[in-house]
Structures are given as structure tokens and as C-alpha cells.
1. Those residues that are open to solvent by less than 40 Å² (accessible area, probe 1.4 Å), more than 12 Å from Leu89 (Cα to Cα) and in a strand (DSSP E or B), I need them from the stretch 6-54; list them, please.
2. Taking the condition in contact with a Ser or Thr (Cβ under 8 Å, 6 or more places away or on another chain), part of a loop (DSSP other than H, G, I, E, B) and at pLDDT 95 or above, does Gly64 pass?
3. Mind checking whether some residue in the stretch 79-88 is open to solvent by less than 20 Å² (accessible area, probe 1.4 Å) and part of a helix (DSSP H, G or I)?
4. Could you go through the stretch 92-110 and let me know if any residue there is under 18 Å from Glu34 (Cα atoms) and open to solvent by 70 Å² or more (accessible area, probe 1.4 Å).
5. Just one of the numbered conditions (1) assigned to a helix (DSSP H, G or I); (2) open to solvent by less than 80 Å² (accessible area, probe 1.4 Å); (3) closer than 18 Å to Gly17 by Cα is not true of Ala58; which one?
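The values are calculated or read from the model by the stated rules, or taken from the named source; none is laboratory data. As the structure is a computational prediction, the values presented were derived from the model and not from experiment. Note that we place each Cβ from the backbone using ideal geometry, even for glycine, and neighbour counts take in every protein chain shown. For accessibility, only protein heavy atoms count, side chains too; no ligands or nucleic acids. Shrake-Rupley method; radii C 1.70, N 1.55, O 1.52, S 1.80 Å.
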Amino acid sequence: MADASHARQCSIQHRWGSGEVASSIDQLADLLDELEADDPEHPDVWISDNEAGYDVAAFAGSRGLVTWEDHDEVRGPLHMEGFSRREMLDLFTMVLQGRTSEVDSLPWVPGYGA
């Protein structure tokens, strides 16, 4: 996969604590591959759009859970369930490419989905 052509100032958080600047779709795919490991203490990975001020997280497990949180806590947390790995990658790619209105327009539900 090619690098995102309109990449924003985004960062990613790996499942076991390290973080880095997000620069490519391949990097996002590798990040989501981390969800294959069995580790209940570290259930998620996420991407932050540092310009727009929000995070999108994807969780391990069969629920296909993703969450959206606003850095200013004006709105959220919000969640959706039933996402495949491919759909998670599509969502993370939207964030990387700065497609904030598309991310925001998805059918988010209030709460963390617990």
C-alpha cells in the first residue's frame, strides 16, 4: 500500500505502549495486526488526529469494537461494533487522510460499548 497522499499530523499508539508519528497505510495495517495477539491487559491500539483533536481506537476480540474520543471532551466517548480488520483499516485511513467529516458522520453510539 502506498503512503497516504494527504496525511495529517497524526500519531499512533501501539498495543504495548510505544507511540510514533503515523505516516503510511502500511504502518496502520501493521498496527492493527497487533490486535491478533491474546493480551487482555492491552486490548487496543489507536490513531490520533492531532490537528482535529480526536482519537479513534480499535480493540482486539470478536466484537469488532471501535471508539471515538474528542481531546477536549466536548463530545464523546462514542463507539461502534461489528468492524472487521479491513473496516478498521479503512477507518484509520480516513483519520490519517484528514477525512474528519467522514469519520464524524459514521453512526457512532454514545459510550464505550462496555
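1. Cys10, Ser11, Ile12, Asp44, Ser48, Asp49, Tyr54 - these are the residues of the stretch 6-54 that are open to solvent by less than 40 Å² (accessible area, probe 1.4 Å), more than 12 Å from Leu89 (Cα to Cα) and in a strand (DSSP E or B).
2. Taking the combined requirement at face value, the residue satisfies it.
3. yes
4. No, that holds for no residue.
5. (1)
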